[in-house]
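**Student:** Quick one: structure below, then a few questions.
Each reported figure results from applying straightforward, stated rules to the coordinates on display, with no laboratory input. Given the structure is predicted, the values throughout are model-derived calculations rather than measurements. Cβ: placed from backbone, ideal geometry, glycine included. Neighbour counts: every protein chain shown.
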Amino acid sequence: MSRFPKANFILSVAAPVQFPADAGAEVAFAGRSNAGKSSAINAISGRKALARTSKTPGQTRLLNYFELEAGHRIVDLPGYGYADIRADERSKWVPLLDALRERESLRGLLLVVDCRRGLRDEDLGLIEWADPTRRRIHVLIAKADKLNQAERAAALREAQATLGEVATAQLFSAHSGLGVDEARDRLDELWASARS
């Protein structure tokens, strides 16, 4: 049986006035375009098509809210990095993300990073945006099934060395199921964490 049998899409947000009530707990899911964010959401939720997946980068253009269980939400953020999106459309995301960061219900960030690319400046910038002094951050080293065991261990060591005390990290594969249960546990911990 699924850990989140009542997981469902709530709404897409294009402006701060459209946010759901600032109550309960929510965790933002973020990552570079095509890092595997939608696949991670589907694997963690136990729903094959909760978040739409695409081979074309930049398909998430709004903030998409999903409720996984009563009072516990995830927010799927637009991918960053390479994507075929106009600059004027990207500029609309800035006030939206700034408003999201100020929500009392935002308890943490789950960052999805392609294991073959590693942590890049944009990823570190997003961690800074999330403000690790106020909320917890966990990194999924995704698509780990594409690497052999030694390469996976090296990718995790490198991520942990880069992150230091700022965030935790783990290996993850939506395709093989590697790390899915651990990611669910981390999500529960993020929801439960108090904002400082």
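**Student:** Sorted by packing (mean other beta-carbon atoms within 10 Å per residue), highest first, where do 177-188, 105-116 land? Please report the intermediate quantities before stating the final value.
**Tutor:** Working: 177-188: 17.2, 105-116: 23.1.
Highest to lowest by the protection proxy: 105-116, 177-188.
**Student:** What does the C-alpha gyration tensor say about the overall shape of the range 143-196? Classify as rounded when a/c is under 1.5, otherwise prolate if a/b is larger than b/c, or oblate. Working shown, then result.
**Tutor:** On the way: a/c = 4.10, a/b = 1.40, b/c = 2.92.
Oblate, because a/c is 1.5 or more while a/b does not exceed b/c.
**Student:** Scan around residue 63 for amide H atoms under 5 Å from its own, H built in the peptide plane at 1.01 Å from N, and keep only partners 5 or more places away or cross-chain.
**Tutor:** 13
**Student:** Oh, and also: Hey, can you grab everything whose amide H is under 5 Å from the amide H of residue 36? Only 5+ residues off in sequence or another chain; H modelled, so Pro and N-termini drop out.
**Tutor:** Amide H to amide H, under 5 Å and 5 or more residues apart or across chains, residue 36 pairs with nothing.
**Student:** Based on the Kirkwood radius over alpha-carbon pairs, what is the Stokes-Einstein translational diffusion coefficient of the range 8-192 at 20 °C with 1.002 mPa s viscosity, in µm²/s?
**Tutor:** Numbers: Rh = 16.4 Å.
Using the Kirkwood radius from Cα pairs, D works out to 131 µm²/s.
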